[in-house]
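To start, the structure itself, in structure tokens.
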Amino acid sequence: MTEGISLPRIIQGGMGIAVSDWQLANAVCRAGQLGIVSGTALDTVLVRRLQDGDPGGHMRRALAQFPIAGAADALLEAWYIPDGRAPDQPYRLLPMYRRTMAPERQLVTVMANFVEVLLAKEGHEAPVGINLLTKVQMPTLPSLYGAMLAGVDVVIMGAGIPREIPGALDALATHASASLRFDIEGPSAPEPLLLTFDPASIGGDVLPPLRRPLFFPIVSASSLATTLLRKSNGRVDGFIVEGPTAGGHNAPPRGATQLNALGEPIYGARDVVDLAAMRELGVPFWLAGGYGTPERLQAALAEGAAGVQVGTLFACCDESGITPELRTRVLRAVETGDAAVFTDPLASPTGYPFKRLRFAESEAALETRERICDLGYLRQPVRQDDGRVIYRCPAEPVDQFVAKGGDAAATTGRRCLCNGLLADVGLPQWRDETEEPSLLTCGDDLAGVATLSAGRGHYAAADAIAWLQGSALR
């Protein structure tokens with residue numbers, strides 16, 4: 001037990017944007033393991049679901065339980081379209097995040113995370129977690145607060161070094177103001193800039209104390225785990241130890257980056273995590289990246305892990321947020337051996353390697369896509385010589401990036417992950433009589449997907465969990 005929560009054997013990976021949605025997390029929880037919702041861009045996900053008419057009424061059902069009076073009514077008045085938008089009508093957009101945002105804008109993020117976690121927790125007593133990207137800094141604090149209002153049990157964070165998150169969780173549990181150091185490029189300043197969120201600014205000052213969730217950062221080295229235990233500003237409860245075969249963002253190789261013949265980063269012995277050192281830390285850990293088979297789960301347990309985190313296997317199951325059409329394409333490609341996973345060193349504006357599942361037709365659409373940055377979750381803040389802060393993204397139009405002081409070479413090969421990942425889950429923006437093309441991520445290891453889908457063409461989350469734990473396929 002860790003703070004009253006039984007340690008799961010299987011943690012379902014937190015795959016964004018909304019691939020790990022509330023329905024997938026709920027299904028995993030009902031099967032007795034730890035379901036995780038992705039917190040990435042949930043504010044945009046919520047307002048797009050509302051503009052599509054809220055099929056099934058799930059968003060409105062959850063919003064009706066939001067504890068800050070009047071907030072849900074105002075959100076519905078602003079964004080809900082009862083009959084849904086026309087198929088060729090573009091989605092209205094939220095203002096892009098900046099360091100300082102109006103309370104009303106932050107409140108949308110709070111409500112979006114509340115909704116997703118609340119729905120994931122419906123109908124069972126199992127714990128639910130949320131996954132956030134450390135690199136996506138600006139929405140982090142209101143995202144955490146919204147998840148905590150809904151009773152989230154575990155917070156998982158990767159793509160960075162989240163040393164200040166434990167202290168933020170401690171503060172938000174008492175509805176106190178929380179701050180994070182703002183990571184910013186450019187000339188240094190006498191005092192660091194902070195990202196601050198005060199629950200009282202959105203009306204959250206009359207609520208009872210919240211339960212502080214467990215915190216499991218994602219690490220790719222035992223040295224990082226040691227640093228987080230020693231230097232974080234609060235309690236770290238466990239670790240997800242993720243290798244370079246995992247989907248989504250990967251840690252860069254240690255040392256100078258070299259590429260193989262396909263143009264992928266080469267990982268070597270220095271990138272293998274010292275599991276003996278992890279065991280010596282005395283906190284639970286789960287292994288991720290290539291652990292989506294029964295044999296690999298048993299291997300992880302033999303190494304002293306509490307279990308495994310599995311993403312790709314759940315991304316391809318019936319309950320995942322990926323559209324049924326796209327899931328079918330993936331499963332067919334896996335069956336025929338045509339599924340090509342590419343560790344792209346350039347695609348992500350973050351600079352981290354990013355795994356992509358490539359289809360010929362979607363690659364062509366991505367190549368001809370007009371560059372635009374209108375969601376901005378991966379924009380990098382930059383301090384100029386006069387002290388002003390601007391925001392730029394290497395996936396935005398090249399001339400705009402260069403005009404903001406960026407190097408044109410940094411835009412080569414960059415993809416708009418924000419828009420591409422939303423297309424995966426049926427929420428693509430409509431532009432000039434075309435939809436945004438899909439950009440799908442998954443891990444290298446597709447063996448479990450092939451086994452579970454063989455002869456059936458699909459499988460449920462519960463099937464994946466039973467198989468991972470040794471049950472024969474039905």
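The values are calculated or read from the model by the stated rules, or taken from the named source; none is laboratory data. Computed from a predicted model, the values in this text were never measured in an experiment. So basically every Cβ, Gly included, is an ideal-geometry build from the backbone, and we count neighbours across all protein chains shown.
Just to be sure I understand, how many residues within the stretch 201-234 are more than 20 Å from Gln106 (Cβ to Cβ), of a type in the set (A, V, I, L, M) and out of contact with any Pro (no Cβ under 7 Å at 6 or more places or on another chain)?
Step one: of the stretch 201-234, the residues more than 20 Å from Gln106 (Cβ to Cβ) are 208-209, 211-212, 214-234.
Checking the rest, the ones that are also of a type in the set (A, V, I, L, M) come to 214, 218-219, 221, 224-225, 228-229.
Still in the list and also out of contact with any Pro (no Cβ under 7 Å at 6 or more places or on another chain): 214, 218-219, 221, 224-225, 229.
Here the count works out to 7.
Residue by residue through the stretch 77-136, note down the ones that are of a type in the set (Gly, Ala, Ser) and under 17 Å from the mean Cα position of the chain (by Cα).
Ala112, Ala120, Gly129
Can you tell me which condition Gly129 does not meet? The list is (1) without any contact (Cβ under 8 Å) to a residue 24 or more places away in the chain; (2) within 27 Å of Gly35 (Cβ to Cβ), and all the others hold.
Only one criterion is unmet by Gly129, namely (1).
Pull up the stretch 43-60, narrow it to residues that are part of a helix (DSSP H, G or I) and free of Cβ contacts under 8 Å to residues at least 40 places away in the same chain, then point me to the one that is farthest from Thr312 (Cα to Cα).
Arg60
Conditions tested, residue by residue: (1) surrounded by 22 or more Cβ atoms within 10 Å (Cβ to Cβ); (2) among the β-branched types (Val, Ile, Thr); (3) more than 26 Å from Gln65 (Cβ to Cβ).
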{"site": "Arg99", "(1), (2), (3)": "no, no, yes"}
{"site": "Gln106", "(1), (2), (3)": "yes, no, no"}
{"site": "Glu116", "(1), (2), (3)": "yes, no, no"}
{"site": "Gly123", "(1), (2), (3)": "no, no, no"}
{"site": "Tyr145", "(1), (2), (3)": "yes, no, no"}
{"site": "Met148", "(1), (2), (3)": "yes, no, no"}
{"site": "Gly151", "(1), (2), (3)": "no, no, no"}
{"site": "Gly160", "(1), (2), (3)": "no, no, yes"}
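State all residues of the stretch 63-84 that are in contact (Cβ under 8 Å) with a residue 60 or more places away in the chain, in contact with a helix residue (DSSP H, G or I) (Cβ under 9 Å, 6 or more places away or on another chain) and of a type in the set (A, V, I, L, M, F, W, C); if no residue qualifies, say none.
Phe66, Ile68, Ala71
Return the only residue of Val110, Val28, Val19 being touching a Pro at 6+ places or on another chain (Cβ under 7 Å), crowded, with 19+ Cβ neighbours inside 10 Å and not acidic (Asp, Glu).
Going through Val110, Val28, Val19 in turn, just one is touching a Pro at 6+ places or on another chain (Cβ under 7 Å), crowded, with 19+ Cβ neighbours inside 10 Å and not acidic (Asp, Glu): Val110.
Counting just the residues of the stretch 77-133 that are assigned to a loop (DSSP other than H, G, I, E, B) and touching a Cys at 6+ places or on another chain (Cβ under 8 Å), which one comes out farthest from Pro162 (Cα to Cα)?
His124
Counting only residues that are among the β-branched types (Val, Ile, Thr) and modelled with pLDDT of 95 or more, which one in the stretch 1-16 is nearest to the chain's Cα centre (by Cα)?
Once the filter is applied, the top-ranked residue is Ile11.
Return the residues of the stretch 350-364 that are exposed (fewer than 15 other Cβ atoms within 10 Å of the Cβ) and hydroxyl-bearing (Ser, Thr, Tyr); say none if nothing qualifies.
Scanning the stretch 350-364 gives no hits.
Quick check on the stretch 318-337: of everything there that is of a type in the set (Val, Ile, Thr) and either at pLDDT below 95 or buried (at least 20 other Cβ atoms within 10 Å of the Cβ) (or both), which residue is farthest from Val45 (Cα to Cα)?
Here the residue is Thr336.
May I ask you to verify whether Phe342 is within 20 Å of the chain's Cα centre (by Cα) and part of a helix (DSSP H, G or I)?
No: the conditions fail for Phe342.
Name, by its number, the condition in (1) over 22 Å from the mean Cα position of the chain (by Cα); (2) closer than 27 Å to Ile130 by Cβ; (3) crowded, with 19+ Cβ neighbours inside 10 Å; (4) β-branched (Val, Ile, Thr) that does not hold for Thr226.
Status for Thr226: all satisfied but (3).
I'd like the residue in the stretch 403-430 that is of a type in the set (A, V, I, L, M) and surrounded by 15 or more Cβ atoms within 10 Å (Cβ to Cβ) and, out of all such residues, is farthest from the chain's Cα centre (by Cα).
Ala410
Have a look at Leu262, Leu210 and point out the one that is closer than 18 Å to Tyr145 by Cα and either part of a loop (DSSP other than H, G, I, E, B) or in contact with a strand residue (DSSP E or B) (Cβ under 7 Å, 6 or more places away or on another chain) (or both). Walk me through how you get there before you give the answer.
Values: Leu262 fails: closer than 18 Å to Tyr145 by Cα.
The match here is Leu210.
When both residues are 6+ apart or on different chains and their Cβ atoms are under 6 Å apart, which pairs have a first residue that lies in the stretch 19-42 and is modelled with pLDDT of 95 or more, and a second that is acidic (Asp, Glu)?
As it stands, the answer is Trp22/Glu116; Gln23/Glu319; Leu24/Glu319; Ala27/Glu319; Val37/Glu116; Leu42/Glu116, since those pairs meet every condition given.
Please pick out the residue among Ala365, Ala333 that is farther than 20 Å from Thr412 by Cα, among the aliphatic types (A, V, I, L, M) and not in a loop (DSSP other than H, G, I, E, B). Give the derivation first.
Details: Ala365 fails: farther than 20 Å from Thr412 by Cα.
None of the others qualify; the one that does is Ala333.
Hey, which of the helices (runs of 4 or more DSSP H) in the stretch 399-474, taking only ones fully inside, have at least 3 residues that are over 19 Å from Asp338 (Cα atoms)?
Hits in the stretch 399-474: 417-424, 461-468.
On the given criteria, is Leu169 aliphatic (A, V, I, L, M), under 16 Å from Leu214 (Cβ atoms), touching a Gly at 6+ places or on another chain (Cβ under 6 Å) and not in a loop (DSSP other than H, G, I, E, B)?
No; evaluated as a whole, the condition is false for this residue.
Hey, Gly167 hits all of (1) more than 16 Å from Leu228 (Cβ to Cβ); (2) surrounded by fewer than 22 Cβ atoms within 10 Å (Cβ to Cβ); (3) touching a residue at least 24 places away in the same chain (Cβ under 8 Å); (4) small (Gly, Ala, Ser) but one; which does it fall short on?
(1)
Give Ala221, Ala189, Ala200 a once-over and let me know the one that is surrounded by fewer than 17 Cβ atoms within 10 Å (Cβ to Cβ) and out of contact with any strand residue (DSSP E or B) (no Cβ under 8 Å at 6 or more places or on another chain). Step through it out loud before you land on a result.
On the way: Ala221 fails: surrounded by fewer than 17 Cβ atoms within 10 Å (Cβ to Cβ); Ala189 fails: out of contact with any strand residue (DSSP E or B) (no Cβ under 8 Å at 6 or more places or on another chain).
Exactly one of Ala221, Ala189, Ala200 is surrounded by fewer than 17 Cβ atoms within 10 Å (Cβ to Cβ) and out of contact with any strand residue (DSSP E or B) (no Cβ under 8 Å at 6 or more places or on another chain), namely Ala200.
Give all pairs with beta carbons closer than 6 Å in which a residue from the stretch 254-270 that is within 14 Å of Leu346 (Cβ to Cβ) meets a residue that is in a loop (DSSP other than H, G, I, E, B) and not hydrophobic (A, V, I, L, M, F, W, C); count only pairs at least 6 apart in sequence or on separate chains.
Hits for this filter: Pro265/Pro253; Pro265/Thr257; Pro265/Pro345; Pro265/Pro353.
Is it the case that the stretch 320-340 has a residue that's free of Cβ contacts under 8 Å to residues at least 12 places away in the same chain and of a type in the set (Lys, Arg)?
Yes, the stretch 320-340 contains a residue that is free of Cβ contacts under 8 Å to residues at least 12 places away in the same chain and of a type in the set (Lys, Arg).
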